[in-house]
1. Give me the residue from segment B:12-35 that is under 18 Å from B:Val207 (Cβ atoms), part of a strand (DSSP E or B) and not aliphatic (A, V, I, L, M) and, out of that set, nearest to the chain's Cα centre (by Cα).
2. Looking at A:Arg106, A:Arg113, can you tell me which residue is among the basic types (Lys, Arg) and either in contact (Cβ under 8 Å) with a residue 12 or more places away in the chain or surrounded by 12 or more Cβ atoms within 10 Å (Cβ to Cβ) (or both)?
3. Could you grab me the full set of residues in segment B:36-64 that are over 17 Å from B:Val207 (Cβ atoms) and not hydrophobic (A, V, I, L, M, F, W, C)?
4. Which numbered condition in (1) more than 10 Å from every other protein chain (Cβ to nearest Cβ); (2) in contact (Cβ under 8 Å) with a residue 12 or more places away in the chain is the only one that B:Asp67 fails?
5. Here is a list: B:His193, B:His181. Which entry is touching a strand residue (DSSP E or B) at 6+ places or on another chain (Cβ under 8 Å), at pLDDT 90 or above and more than 27 Å from B:Arg77 (Cβ to Cβ)?
6. Across segment B:51-64, which residue is nearest to B:Lys31 (Cα to Cα) among those that are under 23 Å from the mean Cα position of the chain (by Cα) and within 14 Å of another protein chain (Cβ to nearest Cβ)?
7. Could you tell me how many of the residues in segment B:30-48 are aliphatic (A, V, I, L, M) and within 13 Å of another protein chain (Cβ to nearest Cβ)?
8. Would it be correct to say that B:Gln108 is within 11 Å of another protein chain (Cβ to nearest Cβ), free of Cβ contacts under 8 Å to residues at least 12 places away in the same chain and polar (S, T, N, Q)?
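The values are calculated or read from the model by the stated rules, or taken from the named source; none is laboratory data. From a predicted model like this one, the values you see are computed outputs, not experimental measurements. Heads up, the Cβs are rebuilt from the backbone with ideal geometry, glycines too, and the neighbour counts pull from every protein chain shown.
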Amino acid sequence: MSATTTERMAPTPDEDLTRIRNADARRGRLVRGVMLTVGLIYVSVLLLAPLAGILFYALKAGLGAIGQTFGLQDVQHAFLLTFIIMVVTVVVTTVFGVVVALVLARDRFPGQRIVSALVDLPLAISPVVVGLMAVLLFGRGGLFAPFFAARGIQIMFALPAMILVTVFISIPFVIREVAPVLQELGMEEEQAAWTLGASRLQTFFRVTLRNIRWGLLYGIALSAARSIGEVGAVLIVSGAIQGRTETATLYILRAFDQYQPQQAYIVALTLAAFSIVLLIGIELFKRRRSAEAA
Amino acid sequence: MSGSIEIQGLTKSFGSFKAVDDVSFVAEDGKVTALLGPSGSGKSTALRMIAGLERPDSGRITIAGEDQTRTSVQERRVGFVFQHYALFRHMTVHQNIEFGLRVRKEDQAKRRARVGELLDLVHMTPFADRYPGQLSGGQRQRVALARALAPQPKVLLLDEPFGALDAKVRHDLRRWLDELHREIGVTSLLVTHDQEEALELANTVVVMHEGHVEQVGSPSDVYDRPATPFVAGFVGSANVLHGSVVDGHVHLGSFRLPGASHLEEGAPATAFVRPHDIRVAGEEGDVKAVIERLASLGWLTRITLRLDSGETLVAHVPNEELHGAAEGDRIGVDLRNPKAFLAPEHQDTSALDEITADT
C-alpha cells in the first residue's frame, strides 16, 4: 500500500511526456493567437477602417443626398464613361490575356523571360508615367498623331486614349492569374481531347477554358476593379473635361476640389462597393462550385 | 472497324538527339503488340507519332490500310490511353466517356446507349456521376480506357497504362485488360518498360533500345531466342559471362558453354544464362562454385554463386531442389540454355551489367 503511494508521488515517464506535450500545445496556441490578433488588427486598420469611414461619411447626410447625387447629370455621365471603359478593358485584357498566357505557359521561344517580365511592367510603372507615354505617342507632335489626325480620329482628350491607358494598366491581371494555372494543368487533357476527335477550338472551349475558369474569372474581376479605379493615367490623357471626359474617379477628384465632399464620398462608396461585391461574389461562387465537385 | 498498324522507317530527332531511329514493325489486326524498352528507348515517342501527337522527320505510318503519316490527330481515329489518365477533371465519369461522341456530334440516344455499354464494360456504372478526383488510380485508368474506346477507334494505343499504379492494382488491371481484349479484339499497341507486362499481354513484342528496334517476335521468341545481347539482358534477367569462342563453345576459364557454333572461332563472346536455368547438380555438376549467399523468395531460393574465376552468378532454384545446400558450401551446378553472342567491340557492357544487376 505504502509502496504504491510512493510510486504515485514520482511522475511516471508517461506523465512527464503528457505535461511536455500540454506545454507545447499551450505555447502553440499562444503563438497562433498572437499571429491571429496581429493579422486581424493589420487588416482592420488598413482595410476595414477606411471602408467604414467612407461608408459613414457617405451615409451621414441620409439617403436623400444619395438620390440627389445620382440625379446629377455629371455623375450619371461619369459612371457611364467608367462603365464603358471597364467593359472594353475587360474584353480586351481577357481575350489577349488568355492568348498571351497560353503562349507564355505552352511555348518555348527566345526572349520568353523578357516577355514574361514585360507583362508585369504596368504594375511597376506609375500610371502618371503611363499617361505621359500616351501623350508622347498620340499628343500634339506625337509619333502616331499625324496618322490619326489625317483620318479625323480624335485620340487624345477623348475616349480612345482613356481606354488605351486603362487597358495598358490592366494588362497583367488576367495573364498572371491564368498562366500558372495553364502551366500546372499541362497538355495531356488537351491531347486526350484531340485523340477523341475534338478540334483545337472545341478543345479550347470544352477543356482548356473549363479548367482555367476560376483563375480567369478572378483575373477579370481584378482587371475590372483596376479599370474603374484608375485615375492618374486617365487624368493626363483625358483632360478631365466636365461632362465629357470625366470618369467616376475624376469626378471624385473634382468634387473634392470644389468643396462637395458629400458627393465625392457617395461616388467613392459606389465604386468601392462594386469592386468588393465583384471579388466576394467570385470567391463565394467558386467555393460553392468546388464544394459540388468535391 | 479494327485494322493493323504498319510502321516503316520511322525517324524522329529532338535537336541532335535521335529519339526514334528507322523503326519498322507491324502491329497485326486484332492483336496486342507491345513496344518494350527501357526509358529513353524511344518507344513513347514512336507511339505518340502513331497517334499524331508528334510529327515524324521521316518514315511512313499506315493504320488500317490508310497512309496516316501526315494526317492530324483528329483524323486518325485512334484511342489513346495516357500513363497519368488525362481524364477531364471537371467532367463526371459519364461526361468523360461521352466526350468523344459529343464532339463527333452523335445524337443523344446513341450517345447514352454507347456510354452505358462502356460503363458496363469497365465496371464503372455505379460511379457514373463521380468526378475523376473521387476515384482511385485503377478506376481512373478504367474510365480512361472506356473514354478511348467510346468513339470506336480503329486502333488502341496505350502509353505505360499501368505505370502510375501500385503493384497489386497493376497486376489486377493487367489481367482484366487481357480479358477485355479477348472480348473486344481491337488492335492494341502497348508501350511499357515492364517486360513481364509485355510478355503476359502481347501477341508480339517489339524490343526497342536507344531509338531502334532490337527484335520483333512472339513473347517466347524474345525470351527464349533473343536476337541481340541487349534483348537477352533486358527481357528477363540474365547472368552475363565473358569468354571466347572455341570449337562452337564459349570458353570461360575452367568450363565451356555450348551454343556458339554460329560464331567465328576465336572471337570474344558473351554468354547469357538465366537465373532459373542454373541448377544445383551436386558433385557431378560441370561448373564448381561456392555459395556466397542464400535468400528465400518464397517457393524459390536465390543463390549467389562465386565461380573459381571470381565471377558471380545468380541462380533461382526451387526450394526442394536445394538438397540442403548452405552458405559457404562448394557445389557443382549445371548451366542450361546459354545464349552466346559476339561481344561487339563498341558494346556498352556496363549498361548490360546494370540491367542484370537486379537478378
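1. So in segment B:12-35, the residues under 18 Å from B:Val207 (Cβ atoms) come out as B:18-28, B:31-35.
In the following step, the residues that additionally are part of a strand (DSSP E or B) were identified as B:18-27, B:32-35.
Restricting the remaining residues to those that are not aliphatic (A, V, I, L, M) gives B:18, B:21-22, B:24-25, B:33.
Numbers: B:Lys18: 21, B:Asp21: 19, B:Asp22: 20, B:Ser24: 17, B:Phe25: 15, B:Thr33: 9 Å.
Per the stated criteria, the residue is B:Thr33.
2. On the way: A:Arg113 fails: either in contact (Cβ under 8 Å) with a residue 12 or more places away in the chain or surrounded by 12 or more Cβ atoms within 10 Å (Cβ to Cβ) (or both).
Matching residue, one of A:Arg106, A:Arg113: A:Arg106.
3. Result: B:Arg48, B:Gly52, B:Glu54, B:Arg55, B:Pro56, B:Asp57, B:Ser58, B:Gly59, B:Arg60, B:Thr62.
4. Here B:Asp67 meets the rest and fails (2).
5. Working: B:His181 fails: more than 27 Å from B:Arg77 (Cβ to Cβ).
The unique qualifying residue is B:His193.
6. B:Ile63
7. As a first pass, look at segment B:30-48 and keep what is aliphatic (A, V, I, L, M): B:32, B:34-36, B:46-47.
Subsequent filtering for residues that are within 13 Å of another protein chain (Cβ to nearest Cβ) retains B:47.
Count: 1.
8. Working: within 11 Å of another protein chain (Cβ to nearest Cβ): no; free of Cβ contacts under 8 Å to residues at least 12 places away in the same chain: yes; polar (S, T, N, Q): yes.
No; evaluated as a whole, the condition is false for this residue.
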